[in-house]
Structure formats: C-alpha cells, structure tokens
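Accompanying notes for the structure given below.
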Amino acid sequence: MVPQVSPAFELKSADTAHTVSALPRWMGPADFSDPLCLAGRRRVAIVSSRLSRRLDQETQWLSRLRSTLAALPLDSTQVLICEQAAGADMLTAGCDLFGLARLTLRIDRKPGQRETGLPQADLALFAMADEIRVLRCRPQGNVARLIQWHLQDPQRCNVPLYVASECLSCLSADQQQRVHLLADPEDCGGHSVGRRLDAVTAKRVESTVFPPLPSDHPLACPDQWLCHWTRPAAGPWPGESRQQYCASLLQNQSDRSASGTLLRILSERRLRASRLAIRGGHHVVSFTAVPLSEFRQRRVFRGHRQRYDFEPWGLAIRRSALSPCDLRPVCYGCDQTWKSLPAADQPWYQKATQDGITDTVAEREWRVPEDVDLSLLHPTDAVVFVDSTAAVDVVQPYSPWPVLVLP
C-alpha cells in the first residue's frame, strides 16, 4: 500500500521572499521523520491558480493533471498537497488513482484569523518541494509572483520548475528561459453531446424500433404531465462522494452538463433524490407543472445559484404514473408556515419568494420524497425532451421512451 500522511502545521509568516527561502529549512527533510518524509522520495508540488467552480469544464487543466500524474515515477515520488490550495481534492483523488504516495499539509489558523498577502498554501508548496510543476497561472497573479520569487531566490532557483505552455505569457522573457516546459497533454476531446457519451455508462436500448410519441403527449395535454428538467452538475451527482466525483473527472468522465445529466439518468433508469436547496435537508425529486411549451420563455439564469432554470433537457412523466410515489404539490409559505408544518410534511415545504430574486410560486413545484425508479414506467408514461433535432438522434438510442424537441 502506498503510504499517505497528513501532518498539520502553522505557517508563521507569509508574503516575503525570506519566507520562501526559510520555510524549507523550517520544514525540510531534517525536520521530518518517517513516515512523513519517505526515504528516497522526491517531493513534487503540482500548483494551479484559481479554478472554476465547474471543474467538469476545466478540460484542458484536467488533461494537464492526468498527464502530469501519469509521468511521475511511482517508486521515487511523493506528491505534496495542501488542503487549502486550488485543486487539492483532485490531486488527492489523482494520487490514489495513479498509485502515487502523497504528503497532505494542513495550515491551521486561529479562529477568526484571516489570510493576508500571498496564499500560505501556495507558499508552502513552493517552499517545500524538490520539484514544482505549475499547471495554471494568471498574469500578475499569486502563482506568477511565486514563480518570480522562486527564480530570484539563490537557495531555491536550482529546484526544477516546470510550467504549462499556456503559462508562458504570464512570465517575463528572462523567466521563460529559466523554466522547463511541461509536455503537452493528451487530446481531451470536444464538448458536444455526441462526443461526450464516454461520460456515462449508458447502454443502448436493444430494440431498434423506438416507441412513438403518444397522442396525448405533454405538448398536447400538459395537465396530464409533470416535468423534471436536468441541470449541469457543478459537483458530485446525488449519491456520489466527492472522491468518486474527482476520480470520474480524472478518468475523462467529465460531462456534467444538462445533457450529460440526462444521459446519466437514462443510463441508471432512476431519478435520484437530492437535498440541495431543500430546507431541512430532506432528499426529494422535484417536478414542475409548468407546461413544457413554456420552458423556452421561462429559461433564465439565476446568478445566486450560478445556473439556469427550465433547461431544455429532461423528462416529462404522467402524473398518474407517479401517484404511487407519494407525489404531492409543494406547500409555499413563510417561515411561520414552516414552523407550523408537521415533520412528516416538511419535505414538501418551499419558501414563497414572489417578490424576491426568484418567483418560486411560479415554478409550480411537486415533489417525491425518494428516488423515482424509471424502470417501472410504461413506454407511454414518459417522454424525454431535448434541445435540438440533432440531440434526438444521439439520445433516442439510449431511451426506452420517445424523444421530442422542445419547441
């Protein structure tokens, strides 16, 4: 088993060149005893500037990370990870995936203490490493400043420093001559629905004869149907751990778009309950009684949630087919309404915000307080809706239900 250790320490000062040169002496090999510093192991720091909340869209960075980890020798490397640094959880998952030893650092601060100057996490990584690999930096950003300090420090400048080619524009001409270039990563592919089917373990429907659209489909008889639209997933799927999420991205299963979410649902034949944004932490599956024909005009970006409402991807299911699932309409109200509800009814509570940022009442929400097993549905009890005619050809082979284009 590859040794993994997680010491804690408190960095005493920051934002000075002296700190960068002094920290290795404070916490260098002489200060470690086994198993903290594995004998003969080269400590490698993999550093990045700030990453997007949507890690699935960081395809270039993910490709860089995969290639970097794959190139490290298993028997002579110990990857430095600082919990507060960008991409730390991805690095942890990557080390476990590739079988690399890791040394995880945690910077403890006193309650209420705020970080000033350069991030202490990045300072520690630069100062403790025997080799530094920079996957991303920004012009005049913290990582670019640390690169400058590193190259100017006579006690640190001989430590090998590798940078991704896209980072060169952040460095001066002299600095570019003094760093090594990381090898180009493998091709990470495109983003289209048709090219990202590796993102799910979807199985094609065995039959090549697809069910026809019923005459009372959700556009013709909207009152008979409830809709569940799929959103991009900024993190783990419902029921997926953070570690599993990170590992899936590193395995190139990175499509967390609304269409990717739909393909995953079709693969699992299940709508998984989630407690995201549900008061009381209840796990529910949400539906809307808003007619499918209104989705285009209702689609709006919610800045406070960093996502769109009423995405043009999802499923419409007959209300009658959901009745065995304890389906109920949401009870909209104020805080007093919440306090007056019996505990058994709380999963169906939603705060009414008709005059706020969003009009929750207009969403006409219904909920089921558990996963919905789609495999129990008849072929005429559900309809998949997609954004374009091109998407129909991609999605239909994976759906036992008819697929229509959102008008």
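The values are calculated or read from the model by the stated rules, or taken from the named source; none is laboratory data. Predicted model, so just to flag it, every value in this text is computed and none were measured. Cβ atoms come from the backbone with ideal geometry, glycine included; neighbour counts cover every protein chain shown.
Worth a mention:
- Members of the range 72-92 that are touching a Lys or Arg at 6+ places or on another chain (Cβ under 9 Å), part of a helix (DSSP H, G or I) and buried (at least 20 other Cβ atoms within 10 Å of the Cβ): Leu91, Thr92
- Which listed residue is surrounded by 18 or more Cβ atoms within 10 Å (Cβ to Cβ) and free of Cβ contacts under 8 Å to residues at least 24 places away in the same chain, from Ser248, Ser241, Ser257: Ser248
- Residue list for the range 40-58, restricted to those being of a type in the set (Lys, Arg) and part of a strand (DSSP E or B): Arg42, Arg43
- Scanning the range 122-134 for residues being of a type outside the set (D, E, K, R), touching a helix residue (DSSP H, G or I) at 6+ places or on another chain (Cβ under 8 Å) and over 22 Å from Asp184 (Cα atoms) gives a total of 5.
- Look at the range 133-149: where a residue is assigned by TED's automatic domain parsing to the domain that holds Gly87 and on the phi < 0 side of the Ramachandran plot and a partner is of a type in the set (Phe, Trp, Tyr) and not in a helix (DSSP H, G or I), sitting 6+ places away or on another chain with Cβ atoms under 9 Å, you get Arg133/Tyr162; Val134/Tyr162.
- Unmet criterion (only one of (1) surrounded by fewer than 16 Cβ atoms within 10 Å (Cβ to Cβ); (2) more than 30 Å from Pro211 (Cα to Cα); (3) among the hydroxyl-bearing types (Ser, Thr, Tyr); (4) modelled with pLDDT of 90 or more) for Thr358: (4)
- Selected residue (only one of Pro347, Pro379 is surrounded by fewer than 20 Cβ atoms within 10 Å (Cβ to Cβ) and in the same structural domain as Arg272 (by TED's automatic domain parsing)): Pro379
- Of all residues in the range 141-157 being in a loop (DSSP other than H, G, I, E, B) and either basic (Lys, Arg) or at pLDDT 90 or above (or both), the one that is surrounded by the fewest Cβ atoms within 10 Å (Cβ to Cβ): Gly141
- Members of the range 217-269 that are charged (D, E, K, R) and touching a Ser or Thr at 6+ places or on another chain (Cβ under 6 Å): Arg269
- Condition broken by Leu69, with the remaining ones in (1) assigned to a loop (DSSP other than H, G, I, E, B); (2) at pLDDT 90 or above satisfied: (1)
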